Amino acid sequence: MNFGVDELNGILEHSMSPEQQDAITSSVQDPLLVVAGAGSGKTSVMAARVVWALGIGAVSPDQILGLTFTNKASAELSGRIRKLVGKLTDAGFGSQGTVIDGDEDEELGEPVVSTYHAFAQRLVAEHGLRIGIEPGMRLVTAEEEVQSVYRTLVRSSLSLDRIALGITALVGRVVELDGILAEQAIDPQALRDFDEALIDEIDALGKPGADAVKARDTARKRILLSFVVEEVRAARRDEDILTFSDLMRFGVQIAEDAPEVGRLMRAQFPLVMLDEYQDTSVAQCRMLSALFSGGHSVTAVGDPLQAIYGWRGASVMAIDEFPLAFRRQNGEPAQTLQLSVSYRSGPKVLHVANEIAAPLRAGRSSVQLSTASSYNESTNGARDNVRTGLFIDRDTEAQWVGDRIAELIGDGVPPNSIAVLLRTGMDFQPIADALAQRQVRAHIANIGGLLAQPEVIELFSVLEVISDPAANPSAVRLLSGPRWRIGARDLAILGARASHLTRTDDEGIAQGASLLDIAVSNAIDSTDPVDVVSLVEAVADPGPDSYHYSDEARERFQQITDELDSLRDRANGPLAELVGAVMASTGLETEVAREAIRSAGTTADAAYDRGTAALATFVDLASNFSDVDGVGDLGAFVAYVRSAQRFEQRLDLDLPTRSGAVTLMTIHKAKGLQWPVVVLPFVADGVFPSSNELSRWTSACQVVPHALRGDRHALPVLAGHEPKQHDAFRLA
């Protein structure tokens, strides 16, 4: 009995659309790119293509490799494949398209489905010795990576003060540069060669403009930072640990320097499935093409309109270049097929989505409009609704969102069927407050959202100033907050004092000096107050009477100093105990209870629940943090939280809320998830979606120059160092 489309439909228990049938039954001997729009059944098509290959006898189950980005997506794809393979066997089809006994199914094995990084880890474990990587190196978590970087920086003999950053900020820069160099497969020496040539080029100009001078200074810092990257990499080798970034750079090296590994991989996996290909990094593409190009059967599925990981080295150009990187056996580019019919949303939702995404489709003939299936049009009308509102300010909008969510829940919609998707962690607070006021429980699933809770802001700010006296934003937050209430005038004088402490004199602050005098003195001073001054040090040493603080401010400065000194004495002890001491000394738990009592009516319980839940989660985060030796370090913890907050690194937070909670999540964390009701607050032109410029390599030492990147032809080019050329680059 031959295996055909009718048999496949029977196993799937539904008929495929023409688009899906083409993608599933396309030649399994050749590479294929499937551009799949949102909700088009991408995972189902991938699983069905595997079943098709098995049913026609092209491969056996253990000859199939499937790669995707997250553990959740990997588990979902693996589960679907396993379920369909079971049905295939029950229907009487085996690995050669013929009837087999059920007992033989175990001998056929199972497809290998994992994340891209897990596959790279397997590659390094099995073949690392080919490039000098010892077996048994342990893959560390994100917090352990930060801890290792922190320890290396503390011990470094490099002149890190030339970078002019506090230890917390410096850790973040090192982690970012290390990661982008790995994901772009760039050697630190190549980076230094480029920057040294750039410095020589600008020096030759004689009188370079301000932008050129900034680019030269940035290049000097980046050269020093590249040496730090090599130090932290060497430290990891000494500690026998690997990071996720290490996996990718080693994976590229193995794939490109040991061609016999590619021959082994192609023989082991005749059929390869690549999910979310639009978000693969340059290193991932190079590794995969080195292993599986040359007429191999590789199916990549993705959508350039859903590319969101550019900040970590991914390039949407990867999906555009797939047909050329993975050619057919006759040398022709791989075939490209479309999945444009959405089975998730109705026509009204898709109409709005297509209008918003129109600029992304410009110039991309491979991307078609998403259309609704007839099934959705006939059965999904009740959910096919888009409601919009225009508001005068954020508070009004947050209250409206709270009313609508409460209204939906009152109409019987389960709270866990509703998600509020936000741009950044700073947007969480007004929505969380609005829901708490209506006794609607909220589940905050992001570290950025957690750190936006006022209780956590104060707790973390204290920890940061204990760890890093130069953490001035946190110092200002504490000083001007509701507990200490240092006024603007006293803060201005304190800032002047901090600036002058860096020079160890009080020149320029004479008896009776005005705030204008102080501001002018700071402006002409050679010290850069952003980089080196410490407000905390100025609080401890506020200066003589010529600094005209208010009496209340001087009294509070002493109280703050005493409290910080007491807490700092405990900074070398267990991290969880320090967090508890901070909560006790600041009275945070008591204040949360008082705030609940002050809340009107019956909303106190919801407010109290939110505040205590946020604090409890942060305590859990600190308690579970440890380095490779099992010891928690305050400085590394602060650096880790800041880094994770900035990049949303691999942190899945679970606030201890009661069952039945509305999910609050950032857009990035929501990728691949779905809810019946989705709310998008604070949509504003130029803000959400953001029109912020990319970080420029000419002014950010942790950003790699475009000329070195694998996707450089898709990035802006700096044509020269004239002011107008830098202006054009900035605009691009």
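The values are calculated or read from the model by the stated rules, or taken from the named source; none is laboratory data. All of these numbers come straight from a predicted model, not from anything done at the bench. Every residue, glycine as well, gets a Cβ built from its backbone with ideal geometry; the counts of neighbours run over all protein chains shown. All accessible areas refer to the heavy atoms of the entire protein, side chains included, with ligands and DNA or RNA removed. Shrake-Rupley method; radii C 1.70, N 1.55, O 1.52, S 1.80 Å.
Count of region 128-148 residues, restricted to those that are among the β-branched types (Val, Ile, Thr) and either under 19 Å from the mean Cα position of the chain (by Cα) or in a strand (DSSP E or B) (or both), is 3.
Residues that are within 27 Å of Gln284 (Cα to Cα) and aliphatic (A, V, I, L, M) occur at least once in region 16-25.
Scanning region 231-274 for residues that are surrounded by 17 or more Cβ atoms within 10 Å (Cβ to Cβ) and of a type in the set (Lys, Arg) gives Arg233, Arg236, Arg249, Arg266.
Within region 210-224, not a single residue is surrounded by fewer than 17 Cβ atoms within 10 Å (Cβ to Cβ), within 26 Å of the chain's Cα centre (by Cα) and charged (D, E, K, R).
Those residues that are open to solvent by 30 Å² or more (accessible area, probe 1.4 Å) and either modelled with pLDDT under 65 or of a type in the set (A, V, I, L, M) (or both), I need them from region 568-598; list them, please. Selection gives Ala576, Ala584, Ala593, Arg594, Glu595, Ile597, Arg598. Filtering region 473-493 to residues that are part of a helix (DSSP H, G or I) and without any contact (Cβ under 8 Å) to a residue 12 or more places away in the chain leaves Pro473, Ser480, Ala488. In this entry, Ser74 is excluded by the filter for residues that are at pLDDT below 90, over 24 Å from the mean Cα position of the chain (by Cα) and hydroxyl-bearing (Ser, Thr, Tyr). For region 362-372, state whether one or more residues are at pLDDT 85 or above and assigned to a loop (DSSP other than H, G, I, E, B). Within region 362-372, not a single residue is at pLDDT 85 or above and assigned to a loop (DSSP other than H, G, I, E, B).
Counting only residues that are open to solvent by 20 Å² or more (accessible area, probe 1.4 Å), farther than 17 Å from Asp275 by Cα and in contact with a strand residue (DSSP E or B) (Cβ under 9 Å, 6 or more places away or on another chain), region 31-62 holds 2 of them. Here Val171 meets each of (1) among the aliphatic types (A, V, I, L, M); (2) open to solvent by 10 Å² or more (accessible area, probe 1.4 Å); (3) in contact (Cβ under 8 Å) with a residue 12 or more places away in the chain with one exception, condition (2). Please verify whether region 1-14 includes one or more residues that are among the aliphatic types (A, V, I, L, M), more than 36 Å from the chain's Cα centre (by Cα) and surrounded by fewer than 20 Cβ atoms within 10 Å (Cβ to Cβ). Yes: one or more hits. Taking the condition without any contact (Cβ under 8 Å) to a residue 60 or more places away in the chain, open to solvent by 30 Å² or more (accessible area, probe 1.4 Å), assigned to a helix (DSSP H, G or I) and touching a helix residue (DSSP H, G or I) at 6+ places or on another chain (Cβ under 9 Å), does Glu176 pass? No, not satisfied. Among the residues of region 27-40, those identified as farther than 20 Å from Ser289 by Cβ and either hydrophobic (A, V, I, L, M, F, W, C) or at pLDDT 95 or above (or both) are Ala36, Ala38.
Every residue, every condition in (1) in contact (Cβ under 8 Å) with a residue 24 or more places away in the chain; (2) open to solvent by 10 Å² or more (accessible area, probe 1.4 Å); (3) within 23 Å of Val641 (Cβ to Cβ); (4) of a type in the set (Lys, Arg), yes or no:
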{"residue": "Ser417", "(1), (2), (3), (4)": "yes, yes, no, no"}
{"residue": "Asp427", "(1), (2), (3), (4)": "yes, yes, yes, no"}
{"residue": "Ile431", "(1), (2), (3), (4)": "yes, no, yes, no"}
{"residue": "Ala434", "(1), (2), (3), (4)": "yes, no, no, no"}
{"residue": "Gln439", "(1), (2), (3), (4)": "yes, yes, no, no"}
{"residue": "His443", "(1), (2), (3), (4)": "yes, yes, yes, no"}
{"residue": "Leu450", "(1), (2), (3), (4)": "yes, no, yes, no"}
{"residue": "Gln453", "(1), (2), (3), (4)": "yes, no, yes, no"}
{"residue": "Ser467", "(1), (2), (3), (4)": "yes, yes, yes, no"}
